[in-house]
1. Probe radius 1.4 Å, ligands and nucleic acids ignored: give me the carbon and sulfur share of the accessible area of the range 64-136 as a rounded percent.
2. Give me the Debye-computed log₁₀ of I(q)/I(0) at q = 0.09, 0.11, 0.19 Å⁻¹ for the range 20-174, equal point scatterers on Cα only, no solvent, two decimals.
3. Counting only heavy atoms of protein chains, what accessible area per residue, in Å², does the range 268-356 have with a probe of 1.4 Å?
4. Of Met358, Ser339, Ala291, which is farthest on the positive side of the dipole of the range 287-361, counting Cα position, with +1 on Lys and Arg Cβ, -1 on Asp and Glu Cβ, and the Cα centre as origin?
5. Above 15 angstrom, tally the Cα pairs of the range 73-138 and express them as a % of all pairs, no decimals.
6. Would you mind computing, in nm to one decimal, how far apart the modelled labels at Arg258 and Phe328 are, each placed 7 Å from Cα along Cα→Cβ?
7. When only DSSP loop residues count, what trypsin sites (Lys or Arg not before Pro) in the range 284-361 have their Cβ near at most 16 other Cβ atoms within 10 Å?
8. Charges only on Cβ, +1 for Lys and Arg, -1 for Asp and Glu: so what's the dipole of the range 32-168 about the Cα centre, in debye to the nearest 20?
Amino acid sequence: MKILKTILAVALLSLTATTATAQETEYQFKPHFYIDLQGGAQWTVGETKFKDLISPNIQGAIGYQFSKVIGARLAVNGWQSKGGFPGNIKYKWKYIAPGIDITFNLSNLIAGWNPKRFFNVSAFLGGGANIGWGNQEMNDLAARGYTARYLWDGTKVRPYGRVGLQLGFRLSDYVNLLLEANANGLSDKYNSKYGNNMDKYFNALAGLRINLGKGYNAIEKPAPEPEPTYVEPTPAPKPVVEPAPAPKTEAVKVEPMRREVFFLINKTTIRESEAAKIKDIADYLKANKNAKVNIVGYADAGTGNDRINDRLAQQRADVVVKCLLEKFEIAADRISYDSKGAHVQPFTENDKNRVTIMIAE
């Protein structure tokens with residue numbers, strides 16, 4: 001257990017280094033299945049030399065990551081366990097131990113979720129059934145006079161519980177190098193000998209985790225566009241002597257003009273196909289000297305998040321304002337503008353809400 005505590009302490013200290021690599025891209029967590037394939041060694045607690053109680057061990061698992069922190073897996077561990085008596089007397093038997101573990105990603109819990117993090121630390125807690133057989137070597141020793149109060153033969157099924165720690169090293173979106181240590185406890189009868197406490201074995205494993213699909217969706221962030229330069233309104237001209245008023249004529253009512261400039265997803269660039277709509281507004285303002293235009297930018301609610309959509313809507317309004325000011329030389333005091341993000345959706349069709357609406361009157 002001291003080894004597990006040391007590994008955990010070192011791994012948690014390393015989180016500060018891995019967290020520093022913040023990503024520019026927006027990521028969205030995606031639940032996914034995975035497969036673990038591992039091999040290594042087992043040490044069974046016994047009464048002979050440490051090296052004489054080491055056995056080969058393998059493990060396979062299929063799991064599901066429900067959230068950024070919580071997951072579960074169905075694991076099958078096995079090969080053989082060993083026991084011994086003082087005097088370098090040892091024996092072995094075979095076993096297989098299917099079980100269910102609940103996993104906790106400590107890196108995401110402590111340092112925040114980051115799908116591109118190279119190093120992750122996870123803990124798990126679980127249990128299942130240990131199925132043992134092939135205990136003939138212990139039966140032979142018992143026949144020679146060695147004490148085996150809980151001697152067993154045939155096939156025995158016993159419940160077990162375990163805790164463990166995993167260190168994951170990201171090789172790609174789909175493959176991780178996986179190191180695992182786990183401690184298992186079960187009935188005192190496991191090794192055939194009376195000890196007045198539970199029998200224990202420890203596994204050290206290395207292998208691969210294969211993700212069945214990406215664990216995230218990436219949302220592309222558009223490159224920032226330059227802020228529009230606004231032209232300050234020119235000072236009002238000095239009053240001049242007006243000629244005698246012309247005979248009054250009946251005013252002609254001018255209808256308001258509305259134009260909608262549509263944008264591509266995550267874009268704030270005016271397409272050539274939409275530029276003519278801005279010219280229509282500019283021509284209307286030049287023809288009607290008292291008219292003004294109100295400009296409002298929007299983003300669609302079907303993609304992104306509030307932070308991204310608020311920025312996109314603002315930039316879509318800004319780029320239209322800039323075009324009227326700089327290209328068509330419309331005075332700034334004739335333009336008002338706003339942005340609604342994705343909080344207001346002027347159209348029922350999602351994609352049409354990537355829009356700037358201009359109303360001149």
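The values are calculated or read from the model by the stated rules, or taken from the named source; none is laboratory data. Since this is a predicted model, take the numbers as computed values, not measurements. Using ideal geometry, Cβ is built from the backbone for each residue, glycine included, and neighbour counts are taken over all protein chains shown. In case anyone asks, the SASA skips ligands and DNA or RNA and just uses the protein heavy atoms, side chains included. Shrake-Rupley method; radii C 1.70, N 1.55, O 1.52, S 1.80 Å.
1. After summing per-atom areas, the C and S share lands at 70 percent.
2. -0.42, -0.57, -1.16
3. Numbers: 4360 Å² over 89 residues.
For the range 268-356, the solvent-accessible area averages 49 Å² per residue.
4. About the Cα centre, the residue reaching furthest to the positive side is Ala291.
5. Value for the range 73-138: 66 percent of Cα pairs lie more than 15 Å apart.
6. 1.7
7. Numbers: sites: Lys286, Lys289, Lys292, Arg307, Arg311, Arg316, Lys322, Lys327, Arg334, Lys340, Lys352, Arg354; in loops: Lys289, Lys292, Lys340, Arg354.
Answer by residue number: Lys289, Lys292.
8. With Lys and Arg at +1 and Asp and Glu at -1, about 180 debye.
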